[in-house]
1. It is to be established whether one or more residues within the stretch 1-8 are farther than 27 Å from residue 92 by Cα and not in a strand (DSSP E or B).
2. Counting only residues that are modelled with pLDDT of 95 or more, within 17 Å of the chain's Cα centre (by Cα) and surrounded by 13 or more Cβ atoms within 10 Å (Cβ to Cβ), give me the strands (runs of 3 or more DSSP E) lying completely in the stretch 18-98 with at least 2 of them.
């Protein structure tokens, strides 16, 4: 889990390994991440775009940018939350993600709501 607060916007991430969608022998590990964005600020904010930095266990980093999240650009009123889930394939059993959401306030001010680093990791059984 990770959590960051920027200008009253709290972004909490809950990562999850997806064994049924992974193929370790084929070099594919699938992860989901569940995001909660809470607006504890005094005015509505809208999520305009996302920026992710995804790094695998070999140190290879990939940047992903795009409008909105899961096809939406949600408007989040004060005291409200927005939830979504998405996925990330990796060529290694472990990696990290972090990034930001470009937000705009009702007054037209833009800012980057940070997403704190979180780990994507295949759980290992203890023998």
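1. yes
2. Result: 29-39, 45-56, 81-90.
The values are calculated or read from the model by the stated rules, or taken from the named source; none is laboratory data. Everything numeric in this text was worked out from a predicted model, so none of it was measured. Quick reminder, even Gly has a Cβ in these numbers, built from the backbone with ideal geometry, and neighbours come from all protein chains shown.
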